[in-house]
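What follows is one structure encoded as structure tokens, with my remarks underneath.
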Amino acid sequence: MTEYEPARTAEQRRRDVTHRLENDEDMWVATSSGAGEPVLVPLSFLWDQGTVLMSTKRTNPTARNLTPRGEVRLSLGHTRDVVLVEGVAEAVEAADLARSSTDAFADKLGWDPRQLPAWVYLRVTPRRIKAWRESNEIPGREVMRDGVWLV
């Protein structure tokens, strides 16, 4: 039988999730077409004012799949340190975002979608976040519900 590190407290899990959101650069983005075809792609992101800000071509399946409901799942980490984010995404034109957000995106990631034709930002508002490392952390893995941090 495998021995695991002691389970993290809810407070530590939230700190770890926040650290990953603030410092990681890429995450997996899962959407589904209207016909139910799954799409999974990695995108660079910025944690911006409690939302996840990403960018892609407006013609890519990930951007097209956001309408009409905008449901999306995001994942950070590997299978032994999972952060899953369920949220609602919307496509936002650069002109409709605060300059501080678009500047922060470019500064963090080293590239600027504002310079690319046909690119759009995707803003994801988290509704539910779960985090766990091993099976001993599955109970209590939910750290956000209905858009509110539980700790």
Problem - TRP119 in contact (Cβ under 8 Å) with a residue 60 or more places away in the chain, surrounded by 15 or more Cβ atoms within 10 Å (Cβ to Cβ) and among the hydrophobic types (A, V, I, L, M, F, W, C) - result: yes
Exercise for the section: Can you confirm whether segment 42-53 contains a residue that is of a type in the set (Val, Ile, Thr) and free of Cβ contacts under 8 Å to residues at least 60 places away in the same chain? Expected result: no
Handout entry: Residue among THR56, THR67, THR79, THR51 that is more than 16 Å from ARG128 (Cα to Cα) and crowded, with 16+ Cβ neighbours inside 10 Å
Key = THR56
Practice task
Could you please give the count of residues in segment 112-131 that are at pLDDT below 95 and either in a strand (DSSP E or B) or out of contact with any helix residue (DSSP H, G or I) (no Cβ under 9 Å at 6 or more places or on another chain) (or both)?
Solution key: 3
Practice task
Considering (1) among the aliphatic types (A, V, I, L, M); (2) under 13 Å from MET27 (Cα atoms); (3) in contact with a Ser or Thr (Cβ under 9 Å, 6 or more places away or on another chain), say which one LEU76 fails and leave the rest.
Solution key: (3)
Practice task
Please work out if ARG73 is closer than 19 Å to GLU142 by Cβ and not in a strand (DSSP E or B).
Solution key: no
Exercise for the section: Identify, by number, the condition in (1) of a type in the set (Gly, Ala, Ser); (2) surrounded by fewer than 18 Cβ atoms within 10 Å (Cβ to Cβ); (3) in contact with a Gly (Cβ under 8 Å, 6 or more places away or on another chain) that ALA7 doesn't meet. Expected result: (2)
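The values are calculated or read from the model by the stated rules, or taken from the named source; none is laboratory data. All of these numbers come straight from a predicted model, not from anything done at the bench. Note that each Cβ is placed from the backbone with ideal geometry, even for glycine, and that neighbours are counted across all protein chains shown.
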